[in-house]
Amino acid sequence: MKWSWKIARIAGIDVRIHATFVLLLGYVYWLSTSQGGTAADAVSELVFVLSIFGIVVLHELGHAMAARRYGVPTKDITLLPIGGVARLERIPEDPKQEFVIAVAGPAVNVVLAMLCLAGIVLIGGATMALSLAEPGSDWMSVLLGGADPGSGVRSIPVVLSVFLTKLLLVNIMLILFNMLPAFPMDGGRVFRALLAMKIDYVRATRAAATIGKGMAALFAVAGITIAQPFLILIAIFVWIGAASEASMVETRFAMRGMTAQAAMATRFQIVAPQTTLAEVADHIIAGFQQDFPVVEEGRLVGLLTRADLLRALAENDRNRQVKTVMRTKFATAQPEEPLPAVIPRLQSGDCRSLPVLDRGRIVGIIDLENVGEFIALRSVLSTPASSHAVHAGELLQES
């Protein structure tokens, strides 16, 4: 994810922090001090916020560990102001597996809540903790000895009770919130998994996404009514997430059984390393191709992207040769590869196009625009699937 930095690596998974999360910490500190609080009060709020996000990391690790059990790796976990995001390589299509992965996060919160409760009981400060956990209570002053006649040392059990009580409430709220059937949150994924045990996966996703959008609308109305921007932000996140997930699932199922060869364009322009940028610019004007394979003596040696070409042309060096601008590191595909396995390579890379190689020789190019057109054409063709690939491929080549 852009604008994020790696801060740790846990169980082989990178934990990243988004730039907006740093802004959140700054806002919390400013809010505490601007309302008359001391520096100690501000620090206590920051400690509590960081503890919450520590819980969020453990929640996301619960998903990641459950996914690993089914052979699904996790790319990374990113902390955002609205929570955490664990990027799994894929979501299992087996409803039982998705169910386990979805409930694993809230299950971590259940365990943490039980540990907090046990700690409060062992300390024996539950009553005082509940009173000090109320908004506005000066629990950091208790820790420092300011609100207690005794020393700070004797105040530590009370402060721990306060702190554990707050974390207990946080875990309970996270359990309840995450289990709402608002797709793509955990509850929505659980709902989708349960539906998929009875109906097909695409229909289950559509139903879960519809309910998720409905709950997003309720969040938005509630946020506007009580003037709570955070609820509006959650509403936007849920709505976009539900729509994106539904679209992704439908696309993935539409590509089932398709190979890179079926969707690739076989009519494309290649350029030589010595070709000038001005000549390549003429090719863009004359056709629809965006990226150009660079071939020398029949061998693919580079890829010139439209973005790199425009950047170089902006420097007013039209006679510059392609070999000085082309990329030498880029993803490729094989003709017989399943198309669903190729698409993530396109989405995660910096290049809009992906050369298809057969025994080292370039035989086609795939880009997301052509794949989208191909899927749309295939969905309306009434001929058998094998003919779909042929006819749609021919239409794409002509374009």
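The values are calculated or read from the model by the stated rules, or taken from the named source; none is laboratory data. Values in this document were obtained by computation on a predicted structure and should not be read as measured data. Note: ideal-geometry Cβ built from the backbone for every residue, glycine included; neighbour counts use all protein chains shown.
Scan the stretch 12-43 for residues that are small (Gly, Ala, Ser) and closer than 20 Å to Gly83 by Cα and jot them down.
Ala19, Gly26
I'd like to check something: does the stretch 51-68 contain any residue that is modelled with pLDDT of 80 or more, closer than 20 Å to Val190 by Cα and hydroxyl-bearing (Ser, Thr, Tyr)?
no
Within the stretch 310-324, count every residue that is in contact with a Leu (Cβ under 6 Å, 6 or more places away or on another chain) and buried (at least 17 other Cβ atoms within 10 Å of the Cβ).
Count: 2.
Considering every residue within the stretch 244-264, establish whether at least one is surrounded by 13 or more Cβ atoms within 10 Å (Cβ to Cβ), among the aromatic types (Phe, Trp, Tyr) and closer than 26 Å to Glu93 by Cα.
Within the stretch 244-264 (the criterion being surrounded by 13 or more Cβ atoms within 10 Å (Cβ to Cβ), among the aromatic types (Phe, Trp, Tyr) and closer than 26 Å to Glu93 by Cα), the answer is yes, since at least one residue qualifies.
Could you tell me which of the residues Gly26, Gly37, Gly54, Gly62 is more than 15 Å from the chain's Cα centre (by Cα) and part of a loop (DSSP other than H, G, I, E, B)?
Gly37
Could you give me the residue pairs with C-beta distances under 9 Å whose first residue belongs to the stretch 172-187 and is polar (S, T, N, Q), whose second residue is assigned to a helix (DSSP H, G or I) wherever it lies, and which are 6+ apart or on separate chains?
Close Cβ pairs (under 9 Å, with a partner that is assigned to a helix (DSSP H, G or I)) amount to Asn178/His59; Asn178/Gly105; Asn178/Pro106; Asn178/Asn109; Asn178/Asp186; Asn178/Gly187.
Which ones in the stretch 173-183 are surrounded by fewer than 23 Cβ atoms within 10 Å (Cβ to Cβ) and touching a helix residue (DSSP H, G or I) at 6+ places or on another chain (Cβ under 6 Å)?
Correct list: Ile175, Asn178, Met179, Leu180, Pro181.
Condition check ((1) aliphatic (A, V, I, L, M); (2) part of a helix (DSSP H, G or I)) across all residues:
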position: Lys198; (1), (2): no, no
position: Val202; (1), (2): yes, yes
position: Ala209; (1), (2): yes, yes
position: Val249; (1), (2): yes, yes
position: Asp282; (1), (2): no, yes
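Can you confirm whether the stretch 203-221 contains a residue that is touching a Phe, Trp or Tyr at 6+ places or on another chain (Cβ under 8 Å) and surrounded by fewer than 16 Cβ atoms within 10 Å (Cβ to Cβ)?
Yes, the conditions are met somewhere in the stretch 203-221.
Select from the stretch 81-106 the residues that are part of a helix (DSSP H, G or I) and either over 21 Å from the mean Cα position of the chain (by Cα) or not aliphatic (A, V, I, L, M) (or both) and list them in ascending order.
Scanning the stretch 81-106 gives Pro95, Lys96, Gln97, Glu98, Phe99, Gly105, Pro106.
Collect the residues in the stretch 14-55 that are among the hydrophobic types (A, V, I, L, M, F, W, C) and touching a Leu at 6+ places or on another chain (Cβ under 7 Å), keeping them in residue-number order.
Ile17, Phe21, Leu25, Val28, Ala40, Leu46, Val49, Phe53, Ile55
When you check Arg68 against the structure, is it of a type in the set (Lys, Arg), in a helix (DSSP H, G or I) and over 19 Å from Met173 (Cα atoms), yes or no?
yes
Going by what's in this entry, would Asn370 be described as part of a helix (DSSP H, G or I) and of a type outside the set (A, V, I, L, M, F, W, C)?
Spelling it out, Asn370 is indeed part of a helix (DSSP H, G or I) and of a type outside the set (A, V, I, L, M, F, W, C).
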